[in-house]
Amino acid sequence: FTSGIPVDRRLMYQMQLNYARVFGSHSLSAMGLFKREESANGSEFKRYREDWVFRATYDYNARYLLEVNGAYNGSEQFGPGYRFDFFPSVALGWLVSNEEFFKVDWIDKLKLRYSMGKIGDDKVSGSRWLYDSQFAYGGRAGLNEITNGLSPYYFYRESVVGNPDIRWETALKTNIGLELGILKNLFSLNVD
């Protein structure tokens, strides 16, 4: 504490590698990223989050597009067996307006795309360490009518029942999209 105000401590480090190359009509790029965050407020235990992410993209002649992504994320919210999970995704695209057979003068861009991926969320509740039972100090048992009072002994009680199988909240998402640009891109439309 500084002047009665809790000190917020945060440490984040990140490393990233990028690659891009064009081979004639083929274009290839790749990215790898590692990120780790540690944070704490006042004297609380540190909070941890870790992410390993990759992305690879490919296109042939600026017409056929492919993107593959993956994230291997870790969170302190879950027990040792469920702390990390893998979230992949893939996207395909076709830039129809770049095809030689496409001869519509007033359409400047026509692109069709599709993507599918698994996403995850570790914000499953407001409290921490849901996988472990938590105990609180305090409370006394009532004694019988003869002693007419409470026990002199305090005890610990289970205040939160842990769930050792709690894990990432996941969902599979898909998207179909259309991008259109007309009249020298004066008007554009994106539909998902």
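Give me the accessible area of Glu158, 1.4 Å probe, in Å² rounded to the nearest 10.
100
Amide H neighbours of Asp132 under 5 Å, at least 5 residues apart or on other chains, H built in the peptide plane: list them.
Amide H neighbours of Asp132, under 5 Å, 5+ apart: Asn163.
Per residue, how large is the accessible surface of the chain? Use a 1.4 angstrom probe and give square angstrom.
Here the per-residue accessible area is 71 Å².
Taking the Cα centre of the chain as origin and charging only Cβ (+1 Lys, Arg; -1 Asp, Glu), how large is the dipole, in debye to the nearest 20?
Working: 23 positive and 23 negative charges, 62 e Å.
Here the size comes out at about 300 debye.
Given the protein chains as shown and a 1.4 Å probe, how many square angstrom of Arg128 are accessible, to the nearest 10?
Approximately 30 Å² for this residue.
With an 8 Å cut-off on Cα pairs and a minimum separation of 6 or more residues, tell me the relative contact order of the chain in percent. List each step's numbers first, then the result.
On the way: 426 pairs, mean separation 29.8, N = 192.
Once divided by the residue count of the chain, the mean separation gives 16 percent.
With loop defined by DSSP as not H, G, I, E or B, and exposure as at most 10 other Cβ atoms within 10 Å, which is the longest segment of the chain clear of exposed chymotrypsin sites (Phe, Trp or Tyr not before Pro)?
107-192
Which percent of the accessible area of the chain is formed by carbon and sulfur heavy atoms (probe 1.4 angstrom)?
Values: 7860 of 13600 Å².
About 58 percent, which is the carbon plus sulfur part of the accessible surface.
Given a Förster distance of 35 Å, report the FRET efficiency between Tyr156 and Lys118 from their Cβ-Cβ distance, rounded to the nearest 0.05.
E between Tyr156 and Lys118, to the nearest 0.05, is 0.30.
Nearest 0.05, what FRET efficiency do Ile176 and Leu11 give at R0 = 41 Å with Cβ-Cβ as r?
Result of the calculation: an efficiency of 0.50.
Starting from the 7 Å offset along Cα-to-Cβ, what nm value, one decimal, do you get for the label separation of Glu37 and Leu186?
My value for the distance between the label points is 4.6 nm.
The values are calculated or read from the model by the stated rules, or taken from the named source; none is laboratory data. Not measured: the values here are computed from a predicted model. FYI the Cβ positions are ideal-geometry reconstructions off the backbone, even for glycines, and counts take in every protein chain you see. Surface areas here come from the heavy atoms of the whole protein model, side chains and all, with no ligands, DNA or RNA. Shrake-Rupley method; radii C 1.70, N 1.55, O 1.52, S 1.80 Å.
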